[in-house]
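Notes follow once the structure below has been shown.
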Amino acid sequence: MTGRELKDMYLGFFREQGHAVITGSSLIPQNDPTVLFTTAGMHPLVPYLLGEPHPAGRRLCDCQKCIRTGDIDQVGDISHLTFFEMLGNWSLGDYFKAEAIRWSFEFITSKRYLGFSPDRLSVTVFQGNANVPQDTESIGIWKQLGIPDARIHALPEDDNWWGPAGQTGPCGPDTEMFIDTGRAACGPACRPGCRCGKYFEIWNDVFMQYNKQVDGSYQPLAQHNVDTGMGVERTVAMLQGCSSVFETGMFRAVLEGIESMSGRRMTEHADTGRAFRVIADHVRSSVFILGDEQGVSPGNLGQGYVLRRLIRRAIRYAKQVGLQNGFTVPLAEQVINQFAAEYPELETNRQRVLTELKNEEERFEKTLDRGMAELDKVIGQLKAHQQARLGGRVAFRLYDTCGFPLEFTEEICAEHGITVDRAGFDEAFEKHRAVSKQSMDKAFKGGLADASDATTRLHTATHLLHKALQTVLGDHVHQKGSNITAERLRFDFSHPAKMTDEQVRTVETMVNAVIQRDLPVTMGMMTVEEARADGAMALFTAKYGEQVKVFTVGDYSKEVCGGPHVQRTGELGRFRILKEEASSAGVRRIRAVLEPAAPG
Ligand code: SER
C-alpha cells in the first residue's frame, strides 16, 4: 500500500463513521506566536478543542503536514523525521474512549483495511500520577477487544500523556499503538517505546479531558475530546514490510538521487546510510517549508532559522558523502514531483523553492570550509589543553561570520565530547543585536494558542488592519503571516514598496474610525464558494464545498477565519502602528498595539 492509498483509505473509513474530511492547514501557524510550526494535526484545532464550535461539525478527520525539529538529532534512525504527514480523527465533545479505540483497532486489524494480525499489536496506556488516575477505562476496552494483559503496558507521563509543547492548553492521557516487527527483543526491559526497532509506533489516541492552567493545575474541560494521530510514513513502513521509514517507496526517489549524484551506495557503511537519510529528510522538510502556502525564507530568527539550520545541516552531511554543490535542487525537484498532486502549493511555489535552496547553498558554501577549519582548530586547541567547553564568543563568531547555526556548532563539538557555552553565546548575540528584541530562546519556545481578551482584541484589530491596507494600498495586499501576542500584533502582507508616512497614518486613522463606530462583529458559516462569492477575504485554500466560518465587521470587512473575535469594535480601544518595515522580498511587516481609548 502506498502513502496515497493509506490516506484515502483512512479518510474514507472515518467518513463512513460520520466524520467530515477537512483540509489540512499551513505548516506556519496563524495568529499563534507560541509555536513556530504546525507540529501535529491537533494544533490548528486548538480553539475547537477548547470549546469553539467547528463549522464542519463535531467529528472531523484530515491529513496534516507537520514539522517537528525537537528530535532532530535522532533523524537518520529508523523512524524519526522532521517533516511527516499525520492522519487524524477528532471528536469535539462527541464520542470518547470506547469508540476511538474500537475504530483504531478495526482500522488496524480488519482485512478490509490495514489487515495487521491482532497478535502483532501492543498498546500503551497512562499509568496515572498525583493529578490524574490510571486510565483503567482504556485498559478495559483493549482487553475487551482481545489484547492480552502482556501486551497492554501502563506507562508514566513521559510516554502516555499528551500535553503539547507549551505550558498551558488541552491535554490528557493517551494510548499508543505499536506493531511488532518480529525482531528479537533487545533485552528483558524491551517494551513498546524502546528504540531498538522491535516495536514500531504507528498511532496515538489522545483523550483530551483537561486544560492545563498557568499555575500547573489541571482543570477538567467542559467537553471531552479525542485527538488521534497516525504517522503516514511509519504506517507505510509497516505495511510495506520495511524496517525503517527510509526503506519505503516514499523515500526511494530521493535516496536514489543521492546515490546517483554521489556515486556511492547507501548501504556501503553505517555512516553513509545515516548521512543519506539526514539529507533526504532535511531536503524534504525544506521543500515543504519553502513551498508552504505561507512559505518562509531562510533567516536568523524563528521559522527562517529552523529552515536555515535544516538546509545547512543537509549541506554538512552532503560533504561527508561527496555530493557536489547544487545537490539540493535536483533532490527538491524529486520531492516536488512526488507530492505536487497532493500538495498543489509545491507546484505553485516550485521556482521559489528551487531558487531559495540554491541561494542558501551558495551563501553557506562561501563560508563553510573556512568555518570548519576554524572550528577544527579551536577543538584541537581545547583538546590539547584538556578543556571540554567552547566559549560563547567563539560560537557567536562562527555564527556571525561563517553562518554556523549554534546547534550546528554544538553538534560538531559534541562529536568530540565538548560542550558549548550557550549563555555566553546568547550574551554575545544580544550585544550584537541589541536592536532585535527577539532572542534565540524566545524563537524556540513552544505552547498553545492563547485566547486571552487582549489577544482576541488584537485579532479583531488585525482584520480591520488587513481591510484598511487593501483600501489604502490596493487589492494586491494579501496576508502573508500573522503573529499575535497579548501585547501586540504583527502582520505581514504583500506590497512591493515601503509605505509612506502618510499611508501609515491613513491606515491608522481608518482603523480607529471603525473602532469608534462600534460596529458589531458577527460570525456565519458557509461553504468556501459562498464565502468567496460574498467577497470575504480568504487566506486558506479550503477544498470545494467545505464549510468555513466567516467573521463580518459591520459593513466594513468580511474574512474567513477561525476566531475568536470581540463582539463589537468599540471594545478595541485605540489602535496605533508602531512600525512598518520590510519582512522579505515583496512582503512588508506592521507591528501595532491597542491602547486604552482616550477618556471622553
Ligand atoms: N496529538 C497527538 C500526537 O501528535 C495525536 O494526534 O501524537
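The values are calculated or read from the model by the stated rules, or taken from the named source; none is laboratory data. Given the structure is predicted, the values throughout are model-derived calculations rather than measurements. Heads up, the Cβs are rebuilt from the backbone with ideal geometry, glycines too, and the neighbour counts pull from every protein chain shown. Heavy atoms of the whole protein, side chains included, go into the accessibility calculation; ligands, DNA and RNA do not. Shrake-Rupley method; radii C 1.70, N 1.55, O 1.52, S 1.80 Å.
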Residue count, segment 228-279 (criterion: of a type in the set (Val, Ile, Thr) and open to solvent by 40 Å² or more (accessible area, probe 1.4 Å)): 1
Checking the condition surrounded by 13 or more Cβ atoms within 10 Å (Cβ to Cβ) and farther than 29 Å from Thr272 by Cα, which residue from Gly391, Gly371 passes? Gly391
The one condition Asp534 fails out of (1) out of contact with any His (no Cβ under 9 Å at 6 or more places or on another chain); (2) within 17 Å of Leu464 (Cβ to Cβ) is (2)
Looking at (1) touching a residue at least 40 places away in the same chain (Cβ under 8 Å); (2) within 16 Å of the ligand (Cβ to nearest atom), which one does Cys66 not meet, given that it meets all the others? (1)
Only one of these conditions is not met by Ser138: (1) farther than 25 Å from Phe107 by Cα; (2) modelled with pLDDT of 95 or more; (3) of a type in the set (Gly, Ala, Ser). Which number is it? (1)
Residues satisfying the stated conditions in segment 234-266, i.e. touching a Gly at 6+ places or on another chain (Cβ under 7 Å), assigned to a helix (DSSP H, G or I) and either in contact (Cβ under 8 Å) with a residue 24 or more places away in the chain or within 23 Å of Arg68 (Cβ to Cβ) (or both): Val236, Met250, Ser262
Hits in segment 557-600 - residues which are within 26 Å of the chain's Cα centre (by Cα) and in a loop (DSSP other than H, G, I, E, B): Cys561, Gly562, Gly563, Pro564, His565, Ala585, Gly586
How many of the residues making up segment 147-161 are within 16 Å of the ligand (Cβ to nearest atom) and either under 18 Å from Arg120 (Cα atoms) or open to solvent by 50 Å² or more (accessible area, probe 1.4 Å) (or both)? 2
Filter segment 76-95 down to residues that are open to solvent by 10 Å² or more (accessible area, probe 1.4 Å) and within 16 Å of Cys63 (Cα to Cα) and give me whichever is nearest to the ligand (Cβ to nearest atom). Met86
Among the residues of segment 4-47, write down those that are open to solvent by less than 20 Å² (accessible area, probe 1.4 Å), under 30 Å from Pro220 (Cβ atoms) and within 14 Å of the ligand (Cβ to nearest atom). Phe14, Val35, Phe37, Thr38, Ala40, Gly41, Met42, His43, Leu45, Val46
Would segment 118-137 turn up any residue that is within 30 Å of the chain's Cα centre (by Cα), more than 30 Å from Asp8 (Cβ to Cβ), among the aliphatic types (A, V, I, L, M) and surrounded by fewer than 20 Cβ atoms within 10 Å (Cβ to Cβ)? yes
Show the residue pairs meeting these rules: Cβ distance below 6 Å; 6+ apart or different chains; first residue within segment 555-579 and under 16 Å from Phe491 (Cα atoms) and aromatic (Phe, Trp, Tyr); second residue at pLDDT 90 or above and outside any strand (DSSP E or B). Phe575/Ala461; Phe575/Val511; Phe575/Asn512
Under the condition of being among the hydroxyl-bearing types (Ser, Thr, Tyr) and away from the ligand (no atom under 15 Å from the Cβ), which residue from segment 192-227 is modelled with the highest pLDDT? Tyr199
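For the condition within 16 Å of Ile72 (Cβ to Cβ) and modelled with pLDDT under 85, what is the one hit in Phe404, Phe444, Phe429, Phe408?
That would be Phe444, the only listed residue that is within 16 Å of Ile72 (Cβ to Cβ) and modelled with pLDDT under 85.
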Residues of segment 48-64 satisfying the condition of being surrounded by 22 or more Cβ atoms within 10 Å (Cβ to Cβ) and over 15 Å from Leu11 (Cβ atoms): Tyr48, Leu49
I'd like to check something: does segment 69-85 contain any residue that is under 15 Å from Val226 (Cα atoms) and touching a residue at least 60 places away in the same chain (Cβ under 8 Å)? no
Pairs please, first residue from segment 357-377 and touching a residue at least 24 places away in the same chain (Cβ under 8 Å), second anywhere and among the hydroxyl-bearing types (Ser, Thr, Tyr), Cβ atoms under 6 Å, 6+ apart in sequence or on different chains. Leu357/Thr328; Glu361/Thr328
Here the qualifying pairs (Cβ atoms under 6 Å; residues six or more apart or on different chains; first in segment 284-308 and within 20 Å of Met250 (Cα to Cα); second part of a helix (DSSP H, G or I) and among the charged types (D, E, K, R)) come out as Leu290/Glu356; Gly291/Glu345
Expected output for segment 410-427 (first residue of a type in the set (A, V, I, L, M), partner outside any helix (DSSP H, G or I), Cβ below 7 Å, 6+ apart or cross-chain) is Ile418/Ala388; Ile418/Arg389; Ile418/Leu390; Val420/Leu390
Considering segment 536-553, residues that are among the aliphatic types (A, V, I, L, M) and assigned to a strand (DSSP E or B), and then whichever is modelled with the lowest pLDDT, we arrive at Val548
Return only the number of the condition from (1) β-branched (Val, Ile, Thr); (2) buried (at least 22 other Cβ atoms within 10 Å of the Cβ); (3) out of contact with any Asp or Glu (no Cβ under 6 Å at 6 or more places or on another chain) that Thr348 does not satisfy. (2)
Given the conditions (1) closer than 24 Å to Arg252 by Cβ; (2) in contact with a Ser or Thr (Cβ under 7 Å, 6 or more places away or on another chain); (3) modelled with pLDDT of 95 or more, which single one is not true for Glu356? (1)
Under 6 Å by Cβ, and 6 or more places apart or on different chains, what pairs join a residue from segment 195-219 that is touching a residue at least 24 places away in the same chain (Cβ under 8 Å) with one that is assigned to a loop (DSSP other than H, G, I, E, B) and among the aliphatic types (A, V, I, L, M)? Gly197/Ile78
Against the conditions (1) modelled with pLDDT of 85 or more; (2) part of a loop (DSSP other than H, G, I, E, B), where does Asp492 fall short? Just the number, please. (2)
Out of (1) of a type outside the set (Gly, Ala, Ser); (2) free of Cβ contacts under 8 Å to residues at least 24 places away in the same chain; (3) assigned to a strand (DSSP E or B), the one Arg532 does not meet is (3)
